[in-house]
Amino acid sequence: MAVFALARAAIFVTIGRLQRAPVVRDDGPVGSREVFTLRYVYDERVADGFYAARALERLQALLEDPERLTAEPPTSQQGG
């Protein structure tokens, strides 16, 4: 018996538990950091791989810099 009916969702995301793991920092040394796994399944009938990858890149950027969530969105300038 399924816990969730996947046929009713375009994307299904699970987040693993937070745990400390070794990481290489941007400036070179090895340290530890809290990390979690993010797994997803999406329906390619709704969005193809290109758009799903772009959405995941955006999600990664927001998770790595959560202050961006409260920042004003950039304005788009449309040429006339």
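What to note about this one:
- Of all the listed residues (58, 33), the sole one being in contact with a strand residue (DSSP E or B) (Cβ under 6 Å, 6 or more places away or on another chain) and among the charged types (D, E, K, R) is 33.
- Filter pass, residue 47 being part of a loop (DSSP other than H, G, I, E, B) and surrounded by 11 or more Cβ atoms within 10 Å (Cβ to Cβ): yes
- Within segment 1-50, considering residues that are aromatic (Phe, Trp, Tyr) and under 22 Å from residue 65 (Cβ atoms), the one modelled with the lowest pLDDT: 40
- For residue 75: the one exception among (1) loosely packed, with under 12 Cβ neighbours inside 10 Å; (2) within 18 Å of the chain's Cα centre (by Cα): (2)
- Whenever a residue of segment 68-80 is modelled with pLDDT of 75 or more, its partners that are outside any loop (DSSP other than H, G, I, E, B), lying with C-beta atoms within less than 8 angstrom and at least six residues away or across chains, give the pairs 68/61; 68/62; 69/62.
The values are calculated or read from the model by the stated rules, or taken from the named source; none is laboratory data. Quantities reported herein were computed from a predicted structural model and do not represent experimental measurements. Cβ sites come from the backbone with ideal geometry, for glycine too, and all protein chains shown count toward neighbours.
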